[in-house]
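Trainee: Sharing a structure below in structure tokens format, with a few things to ask.
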């Protein structure tokens with residue numbers, strides 16, 4: 001039996017890039033040889049299946065939470081070795097689902113994996129509280145703007161009230177705007193370590209549209225490097241930062257970000 005680390009990835013508000021983070025971080029961990037699963041716990045607004053092209057899966061978390069299927073029947077394996085538990089996208093499936101069954105479902109699958117990343121729904125409804133309560137660690141995904149941090153701070157406080165440990169924050173979609181909050185400001189406001197800074201990278205959106213994780217499609221793009229580095233840190237393995245040729249990553253802020261952080 002493996003000692004599974006259950007990590008709930010939460011944001012407070014939607015649109016921060018939480019699902020892209022779960023998909024790419026999970027894939028990066030799987031590529032490092034870690035037995036990793038991702039689970040879409042957003043039973044009302046599921047997105048993981050859409051990101052990976054498996055939105056029409058015959059069995060999903062909806063079926064598990066309605067009591068008509070086992071969690072084992074809802075696990076799909078990607079070519080990278082990543083195991084995926086998608087959630088359905090139908091309203092009828094949502095209506096039949098009982099979020100209270102999630103705890104039992106996780107018990108049935110965690111003894112086979114090392115990392116389980118749960119994509120939590122935005123907001124603080126009952127559907128969102130259960131994934132927070134089940135986590136060994138909660139990781140917040142925020143954008144460098146005050147509204148994102150205000151919602152994430154509420155999520156952090158609720159997670160702590162539920163007895164969960166908020167282990168860090170991923171600062172996502174960092175651009176060159178003068179109004180962007182800095183890494184230090186984000187850390188101070190939320191009272192957590194910023195464990196990764198992911199630049200605003202057009203390849204993330206392109207990869208999502210093509211239904212392929214950026215860590216597979218554009219391995220050395222700025223965002224992919226950030227996800228791969230964080231995965232190596234979580235897995236306890238060394239990460240060799242690739243040298244970026246001058247001009248790589250595009251002009252403007254992204255190019256400067258890559259050259260400053262990753263060398264070249």
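Trainee: Mean separation of Cα pairs under 8 Å and 6+ residues apart, divided by the residue count of the range 5-262: what relative contact order is that in percent?
Mentor: The normalised contact order for the range 5-262 reaches 23 percent.
Trainee: What is the Cα convex hull volume of the chain when expressed per residue in Å³?
Mentor: Measuring per residue, one finds 117 Å³ for the Cα hull of the chain.
Trainee: Between residue 178 and residue 219, how high is the FRET efficiency from 1/(1 + (r/R0)^6) when r is the Cβ-Cβ distance and R₀ = 25 Å? Nearest 0.05.
Mentor: Computed FRET efficiency for residue 178 and residue 219 comes out at 0.20.
Trainee: Assign one of three labels to the range 1-57, namely rounded, prolate or oblate, based on the Cα gyration tensor with a ≥ b ≥ c the square roots of its eigenvalues; rounded applies when a/c is under 1.5, prolate when it is not and a/b is larger than b/c, and oblate otherwise.
Mentor: The shape class here is prolate.
Trainee: On to the next question. What value in Å³ per residue do you get for the convex hull of the alpha-carbon atoms in the range 171-211?
Mentor: Spread over its residues, the Cα hull of the range 171-211 gives 80 Å³ apiece.
Trainee: Rounded to the nearest 500, what is the chain's calculated 222 nm mean residue ellipticity when only DSSP H runs of at least 4 contribute -39500 (n - 2.57) each, over all residues?
Mentor: Computed ellipticity for the chain at 222 nm equals -11500 deg cm²/dmol.
Trainee: Please report the base-10 log of the normalised intensity I(q)/I(0) for the range 1-153, using a Debye sum with one equal scatterer per alpha carbon and no solvent, at each q in 0.09, 0.10, 0.12 (1/Å).
Mentor: -0.24, -0.30, -0.44
Trainee: Moving on to the next point. Could you check the simple spin-label distance between residue 56 and residue 3, using points 7 Å along Cα→Cβ, in nm with one decimal?
Mentor: 4.4
No value in this document is a laboratory result; all are computed from the given coordinates. For clarity, every value in this text was computed on a predicted model and none was experimentally measured. Using ideal geometry, Cβ is built from the backbone for each residue, glycine included, and neighbour counts are taken over all protein chains shown.
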